[in-house]
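Colleague: Take this structure first; my questions come after.
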Amino acid sequence: MQPRIPRQSALEHGTHRADNDARLSDELASVIGGARRRAVRDGDRQIDTAHLLHSLLESGPEARAVVGDGPQLARLLGYLVQRSIGYGLRWQSGVEDSGGVPVVSGSTCFSPLAAAAMEYACARAAGREEPARGTDLLAAIVVDPQSRAVEVLERAGIDARAVFARLDGCSGVTEEYGEATH
């Protein structure tokens, strides 16, 4: 007997680990699932860093606490929602790219910058010998000043360098951020 309600795949539930990557925590796999659903719903060809940022901020308090609170966070979430309903239309025809990684065509996949951010997050967590968490991905998406996530943060009045510094637990910008931006 066929069920009357079609079953949702594990991906639609957000429980599918991105490519079954053991380097990702369950939290981060859920964030990626949310970003993928958002990209598909928005009609975007690729998951970009702004999709990842939006999903991170929705997924839990840890990323929101690092980004900040009050009016700036409200403004940031407002920009991300506006993007979902049309603000980002000018980006849909383009690819978020800093020029270093080839574009993968086909179904919804990561933009080159988002793919690089995923690798950065995994490398960051590997130093702790743990799976990558949401804060690792947040650090990875704010480290590149050309990312859409950084553009949206700046429009909301949030300094991406300060977010990165808070993630590293220091008061100044780290050498790692400076190297990544040159």
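The values are calculated or read from the model by the stated rules, or taken from the named source; none is laboratory data. None of the values given here were measured: they were computed from a predicted structure. Here Cβ is always computed from backbone atoms with ideal geometry, including for glycine, and neighbour counts include all displayed protein chains.
Colleague: Considering only helices (runs of 4 or more DSSP H) fully contained in the range 82-182, which possess at least 1 residues that are at pLDDT 90 or above?
Modeller: Those helices (runs of 4 or more DSSP H) span 112-126, 134-142, 148-155, 160-167.
Colleague: With the condition kept exactly as written, say whether any residue in the range 46-54 is modelled with pLDDT under 90, within 26 Å of R23 (Cα to Cα) and hydroxyl-bearing (S, T, Y).
Modeller: Within the range 46-54, not a single residue is modelled with pLDDT under 90, within 26 Å of R23 (Cα to Cα) and hydroxyl-bearing (S, T, Y).
Colleague: Right, here's the next one. Go through the range 40-66 and give me each residue that's surrounded by fewer than 24 Cβ atoms within 10 Å (Cβ to Cβ) and aliphatic (A, V, I, L, M).
Modeller: Once the filter is applied, which keeps residues that are surrounded by fewer than 24 Cβ atoms within 10 Å (Cβ to Cβ) and aliphatic (A, V, I, L, M), the range 40-66 yields V40, L57, A63, A65, V66.
Colleague: Given the criterion assigned to a helix (DSSP H, G or I) and touching a residue at least 60 places away in the same chain (Cβ under 8 Å), identify the matching residue among R41, R64, R36.
Modeller: One residue alone meets the criteria, R36.
Colleague: Within the range 113-127, which residues are surrounded by fewer than 23 Cβ atoms within 10 Å (Cβ to Cβ) and closer than 26 Å to D69 by Cβ?
Modeller: Y120, R124, A125
Colleague: Hey, another quick one. Looking at this structure, is L76 of a type outside the set (F, W, Y), surrounded by 17 or more Cβ atoms within 10 Å (Cβ to Cβ), under 18 Å from T135 (Cβ atoms) and modelled with pLDDT of 90 or more?
Modeller: So L76 fails the test.
Colleague: Has the range 7-26 got any residue that is of a type outside the set (V, I, T), at pLDDT below 55 and in contact with a Pro (Cβ under 6 Å, 6 or more places away or on another chain)?
Modeller: no
Colleague: A further question follows. Hey, among the residues in the range 128-152 that are closer than 18 Å to A29 by Cα and of a type in the set (D, E), which one's surrounded by the fewest Cβ atoms within 10 Å (Cβ to Cβ)?
Modeller: If we take residues in the range 128-152 being closer than 18 Å to A29 by Cα and of a type in the set (D, E), then E129 is surrounded by the fewest Cβ atoms within 10 Å (Cβ to Cβ).
Colleague: So, one more: Go through (1) modelled with pLDDT of 90 or more; (2) within 12 Å of the chain's Cα centre (by Cα) and name the single condition A63 misses.
Modeller: For A63, the failing item is (1).
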